[in-house]
C-alpha cells in the first residue's frame, strides 16, 4: 500500500520547480479578497479554502506595519516570526496562552511552500467548560496534554507546499486545515478541527473547479486496532452563468485497521473521478459516505446568497410519512453576504442559518465518524442543533471591527441515552427508531455576543493586536442559566478564523 509519507516525499522530489501560493487568514483578512472575487465579471470559485492565488493577482491587501509584508514572487527563502500571546480567563485564575515560532516562505512562478515551526502552550478557558463541552479537547488545537490542568503543550509543524503542474492543475501537500463551502460555517469541511496531513489536487478549467482531497485523521475516542483513519473527498464547483454557481461534494471515511484486514490508504478511493457510493458497495464495506450540494447566487456583485446541503443517510418514504426516522441524517445551510453595506466601503455583513439532524456525521464507531482528534470536521456543534448567526464588520486600512451574534439550540445526551448530539457516540446505541427531532435530549439554548477590535501588524503571518469582548448566556431547559463574560486581549497570528462562538 502507498503510505502518505512516501507520497509527500515523492511530491517534493518531483515538483521542486513548480507551484502557486495559498492565502491563509481569518474573515477580516480575506474581506478584500472575497470582495474582488464576487465583483469580478464572472462569478469566481470561492468554494475551496485556503484560496489559491496566482502571481498575477491585482488584489490589494492590507499591508501591515512590517515593511516586508508582500505577496510578490521571490526565489529566496524568507523567514517571518509568528506569535500569539493572550490572557485566558479560567474559573479561579487567569493564565497566558502563547504560540511562537517561525514561518518559512518560498515562492517561484510555479512552486511555493509555507511552513511554520514553533511551540504552543494553551490553557482551556472556562468559556468552553459549559454544557456544550462534550469531550476532552482543546478547541481547534487537539488533544489535551494534561487533562487535570486542561492544558496543551506541543511542538508545531504546519504548512503546505504546492506545485503548478500546468495551466489547469495544482498539486499540494502538507499538514494544514482545509475548508469547503461559502458560508461562515461549513457543513462539508470546516476549519474547526486541528491540522492534519493531506494531499490535494485542484483543477480549474472552463467554468469548472474540481478538487480532490485525501487526508489522514486521528481518533482515540474509542478503542481499536489503530488510531488512524482516512478520508477521500471530491468537490466540484460549476459556474452555470456569471451569476449562478452549483457545487457538489462527496466524502468517504474508513478506519485504518479492523478485525479482518489492515486496509491503510484504500486504493479504491484514490481514483479522482469515480463516485464513492458504488465503490463502497462494490468492495462490500460499511464505510461512512457523505454527499452534499450547494447553490450560490450573485446579485449586483454586492449581495451573495448561498445554500448547502449535507446528506449522511436518507429514506424518502420515511421523510414523506414524517415519522422522524433516525436514519434521515442531513443538514441544511442558508446564508447571505453583503459587501459595501449602505454604500460604505469596507462595511460588510453575513446572516446565516444552519440545521443538522441528530446522528449526522456519526457512525457505528468513532473510527469511522466525520471527526478528527475529538473535533468535528464539519460544524463545531456537530449534530442535533439549530443555529442563526449574524456578523457585521468594518475594515479601514489596518483596522478591523467586528460584531457577532449567535442564537443556538442544541440537544445533549442525558442519563446515558444517546440523543444524537455527540457524533463520537455510536448510532447503534441511539434513542429509538422514530420520533427523532432536532433539539431532543437535554435541550440547551445559547446566545453569544462578540465584539472585536484588531489592528494588523504583519500581513504575511496575519499578525494582529486585538481586543475581544465575549458574552454568552446558556440556558438548560428546566434547570439553570449560566452567564459568561470575559475580556481577551493580546497579539495573534491568525492563519484561520479564531473560533470562540460555539
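Any residue at all in the range 226-234 that is under 29 Å from residue 303 (Cα atoms), free of Cβ contacts under 8 Å to residues at least 60 places away in the same chain and surrounded by 17 or more Cβ atoms within 10 Å (Cβ to Cβ)? Checked the range 226-234: at least one residue is under 29 Å from residue 303 (Cα atoms), free of Cβ contacts under 8 Å to residues at least 60 places away in the same chain and surrounded by 17 or more Cβ atoms within 10 Å (Cβ to Cβ).
I'd like the full set of residues that are more than 23 Å from the chain's Cα centre (by Cα) and either at pLDDT 90 or above or surrounded by fewer than 21 Cβ atoms within 10 Å (Cβ to Cβ) (or both), limited to the range 429-438. The answer is 429, 430, 431, 432, 433, 434, 435, 437.
Filter the range 135-152 down to residues that are closer than 26 Å to residue 25 by Cβ and either without any contact (Cβ under 8 Å) to a residue 40 or more places away in the chain or in a strand (DSSP E or B) (or both), then give me how many there are. Selection size over the range 135-152: 3. Residue pairs whose Cβ atoms lie under 6 Å apart, sitting 6 or more positions apart in sequence or on different chains, and linking a residue in the range 349-376 that is without any contact (Cβ under 8 Å) to a residue 12 or more places away in the chain and on the phi < 0 side of the Ramachandran plot to a partner that is surrounded by fewer than 23 Cβ atoms within 10 Å (Cβ to Cβ) and part of a loop (DSSP other than H, G, I, E, B), do not occur here.
Looking at residue 397, is it more than 27 Å from residue 322 (Cβ to Cβ) and out of contact with any helix residue (DSSP H, G or I) (no Cβ under 8 Å at 6 or more places or on another chain)? Walk me through it before giving the result.
Numbers: more than 27 Å from residue 322 (Cβ to Cβ): yes; out of contact with any helix residue (DSSP H, G or I) (no Cβ under 8 Å at 6 or more places or on another chain): yes.
In short, yes.
Taking the range 310-331 on its own, how many of its residues are surrounded by fewer than 16 Cβ atoms within 10 Å (Cβ to Cβ) and either modelled with pLDDT of 85 or more or in a helix (DSSP H, G or I) (or both)? Of the residues in the range 310-331, 4 are surrounded by fewer than 16 Cβ atoms within 10 Å (Cβ to Cβ) and either modelled with pLDDT of 85 or more or in a helix (DSSP H, G or I) (or both). What's the total number of residues in the range 177-198 that are part of a strand (DSSP E or B) and free of Cβ contacts under 8 Å to residues at least 60 places away in the same chain? So the answer is 1.
Could you tell me which of the residues 201, 104, 156, 120 is surrounded by fewer than 22 Cβ atoms within 10 Å (Cβ to Cβ), in contact (Cβ under 8 Å) with a residue 60 or more places away in the chain and in a strand (DSSP E or B)?
Values: 104 fails: in contact (Cβ under 8 Å) with a residue 60 or more places away in the chain; 156 fails: in contact (Cβ under 8 Å) with a residue 60 or more places away in the chain; 120 fails: in contact (Cβ under 8 Å) with a residue 60 or more places away in the chain.
Just one listed residue meets the conditions, 201.
Just one residue in the set 43, 85 is touching a strand residue (DSSP E or B) at 6+ places or on another chain (Cβ under 6 Å), part of a strand (DSSP E or B) and either at pLDDT 80 or above or crowded, with 19+ Cβ neighbours inside 10 Å (or both); that residue is 85.
So if I check each of 492, 426, which one is under 25 Å from residue 372 (Cβ atoms), modelled with pLDDT of 85 or more and in contact with a helix residue (DSSP H, G or I) (Cβ under 9 Å, 6 or more places away or on another chain)?
Going through 492, 426 in turn, the sole match is 426.
Summed over the range 242-256, residues that are at pLDDT 90 or above, surrounded by fewer than 22 Cβ atoms within 10 Å (Cβ to Cβ) and out of contact with any helix residue (DSSP H, G or I) (no Cβ under 6 Å at 6 or more places or on another chain) total 3.
Among the residues of the range 469-502, those identified as buried (at least 18 other Cβ atoms within 10 Å of the Cβ) and either within 21 Å of residue 176 (Cα to Cα) or free of Cβ contacts under 8 Å to residues at least 24 places away in the same chain (or both) are 492, 493, 494, 495, 496, 497, 498, 500.
The values are calculated or read from the model by the stated rules, or taken from the named source; none is laboratory data. Remember, it's a predicted structure, so these values are computed and weren't measured experimentally. Because the Cβ atoms are built from the backbone with ideal geometry, glycine has one as well, and the counts that use them run over all protein chains shown.
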